[in-house]
Ligand SMILES: *Cc1c(COP(=O)(O)O)cnc(C)c1O
């Protein structure tokens, strides 16, 4: 296989390192894990994203749980190397110049996957255009479409300026980057010396493109009124030539553009494939279930334990199945070490006096309504009764709400309210500014990972996979990856809702009831009184789920199903 990049992976956000503010959440972390696994597998891949000089935002929480958002300033020069390549894109009647920075991801065998971060802070650009690569998911429609022009069209031009002309596949991680299709169409049209872009060119582009859709939430798909689309893209010929094919109704929908231009499209779990297939009738949708980069997410103590017992686990994650041979005591010790690290951090930042011997629940994800962070507090008295009967509980939360998501912000305030109400019975803390480092501490250090989304909204979810690698079982609603990962009482526990009452409130109450019943009757008694049985579930989480829900397996499936077809 040639060492020249032949797959270009485009993503609006990529989680490279905690201190680099180039990601906001799950999508970016998955992109980073994908590229880390590609580097381990020595794949000829290159990543493209925006620099996000000011990041998403830094979250502070006041005593009532009000979210305060602050701009991030991260030292770009400390992490990235500038490259000479330059490109220009046309936005409205402006020529916007783009430069790039390079970050190298080094795989476990030394292979490098370079990531290029696009930057419009270039002399000659207007102040507004300087700002285009500042904010992740900020600004209005116009700002966002300009950013996506830089990412998609600018990204292809920067690859060409770098001399990367022989790329065979373009992978769009979510629709944000799908304007790259317009540039590939322009290249096809030019190569064939045609006056106009036609369906024939689209057929050629389709062979080059792969698209992964990530969300069943309508707001997750970028759509623009035609007036905004014409304004930004008016100098783009493929857009003008193919407006009818590219736009639907009276809008430009970046998801439909990606669907129309890809020979392979997938959802991120089996259930999500079904949901997406219903959303996008007329397109064939496959599924490749997400994973996490095992080495990145394993705690220091688990890394040592695995390296000791399964020496080549980093380059061959399937070997985690042999965790079945690791003695209970050693798994427990490694977990205690991760728990100690977490509680030390929690007690330092929140002064909440959490205790190593108390069963600890973790819940960390974007604070938004469908994730239902407060399901656990549906019946406060029952929760108190459970701790009185079964033993103490402590709960750690984290997660940011999008600055415009008022309901999401209200959820954080509610958790602060429950924290006050329960202060005598259950220690609760909400860690501010959830990021990859906190994610790593939490998924490794809690005793049980809680996940309560409203089905079918959780396309996959990945934090429960991080927990599994660390031997932390999940108690989760049956949605996303957990439908595939849950073996009841073996890898964790399901909050399954086979009855489907039409009334949403009745359904939610039923789910809360199952959640309480499993904690009270099965999980907490096992944790406190049958420790060996609990550790056996922990061991299965590693051996059965850690060995499968990783990005090594996932990237392998992209290679056989999407890249080399
Ligand atoms: C893993 C991770 C996510 C995604 O978690 P989900 O379970 O998919 O919601 C989001 N943010 C951070 C910081 C993470 O580490």
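What about residue 413, is it closer than 19 Å to residue 69 by Cβ, over 23 Å from the mean Cα position of the chain (by Cα), in the same structural domain as residue 538 (by TED's automatic domain parsing) and away from the ligand (no atom under 16 Å from the Cβ)? Show your work before the answer.
Values: closer than 19 Å to residue 69 by Cβ: yes; over 23 Å from the mean Cα position of the chain (by Cα): yes; in the same structural domain as residue 538 (by TED's automatic domain parsing): yes; away from the ligand (no atom under 16 Å from the Cβ): yes.
In short, yes.
Residue 484 falls short on exactly one of the conditions (1) buried (at least 18 other Cβ atoms within 10 Å of the Cβ); (2) in the same structural domain as residue 358 (by TED's automatic domain parsing); (3) in contact (Cβ under 8 Å) with a residue 24 or more places away in the chain; (4) under 22 Å from the mean Cα position of the chain (by Cα), and that condition is (1).
Just to be sure I understand, how many residues within the stretch 541-565 are within 19 Å of the chain's Cα centre (by Cα) and either assigned to a helix (DSSP H, G or I) or on the phi > 0 side of the Ramachandran plot (or both)?
Just the residues of the stretch 541-565 that are within 19 Å of the chain's Cα centre (by Cα), to begin with: 545-546, 548-558.
Of the ones still in play, those that are also either assigned to a helix (DSSP H, G or I) or on the phi > 0 side of the Ramachandran plot (or both) are 545-546, 551-558.
So the count comes out to 10.
Is it fair to say residue 563 is surrounded by fewer than 24 Cβ atoms within 10 Å (Cβ to Cβ) and over 30 Å from residue 171 (Cα atoms)? Before you say what the answer is, go through the steps one by one.
On the way: surrounded by fewer than 24 Cβ atoms within 10 Å (Cβ to Cβ): yes; over 30 Å from residue 171 (Cα atoms): no.
No; evaluated as a whole, the condition is false for this residue.
Quick grid of which residues meet (1) free of Cβ contacts under 8 Å to residues at least 24 places away in the same chain; (2) assigned by TED's automatic domain parsing to the domain that holds residue 138; (3) farther than 23 Å from residue 531 by Cβ; (4) buried (at least 18 other Cβ atoms within 10 Å of the Cβ):
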residue: 344; (1), (2), (3), (4): yes, no, no, no
residue: 361; (1), (2), (3), (4): no, no, no, yes
residue: 380; (1), (2), (3), (4): no, no, yes, no
residue: 394; (1), (2), (3), (4): no, no, no, yes
residue: 399; (1), (2), (3), (4): no, no, yes, yes
residue: 402; (1), (2), (3), (4): no, no, yes, yes
residue: 409; (1), (2), (3), (4): no, no, yes, yes
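Taken together, 320, 361, 342 contain a single residue that is within 16 Å of the ligand (Cβ to nearest atom), within 27 Å of residue 480 (Cβ to Cβ), at pLDDT 95 or above and part of a helix (DSSP H, G or I), which is 342. I'd like the full set of residues that are more than 16 Å from the ligand (Cβ to nearest atom) and under 16 Å from residue 552 (Cβ atoms), limited to the stretch 20-48. Within the stretch 20-48, 38, 39, 40, 41, 42, 43, 45 qualify.
What do you reckon, is residue 142 closer than 27 Å to residue 211 by Cα, in the same structural domain as residue 34 (by TED's automatic domain parsing) and not in a helix (DSSP H, G or I)?
Values: closer than 27 Å to residue 211 by Cα: yes; in the same structural domain as residue 34 (by TED's automatic domain parsing): yes; not in a helix (DSSP H, G or I): no.
Spelling it out, it is not the case that residue 142 is closer than 27 Å to residue 211 by Cα, in the same structural domain as residue 34 (by TED's automatic domain parsing) and not in a helix (DSSP H, G or I).
Listed by first and then second residue, the pairs linking a residue in the stretch 438-449 that is farther than 12 Å from residue 363 by Cβ to a residue that is modelled with pLDDT of 95 or more and in a strand (DSSP E or B), with Cβ atoms under 6 Å apart and 6 or more places separating them unless they lie on different chains, are 438/398; 438/431; 447/359; 447/360. Screening the candidates 107, 15 for the property of being modelled with pLDDT of 95 or more, crowded, with 17+ Cβ neighbours inside 10 Å and within 16 Å of the ligand (Cβ to nearest atom) yields one hit, 15.
Selection of first residues in the stretch 160-188 that are more than 20 Å from residue 559 (Cα to Cα) and outside the structural domain of residue 559 (by TED's automatic domain parsing) and of second residues that are assigned to a helix (DSSP H, G or I) and at pLDDT 95 or above, restricted to Cβ pairs under 7 Å at least 6 apart or on distinct chains, gives an empty result.
The values are calculated or read from the model by the stated rules, or taken from the named source; none is laboratory data. The model shown is predicted, which means the values in this text are computed figures rather than measured ones. Cβ atoms come from the backbone with ideal geometry, glycine included; neighbour counts cover every protein chain shown.
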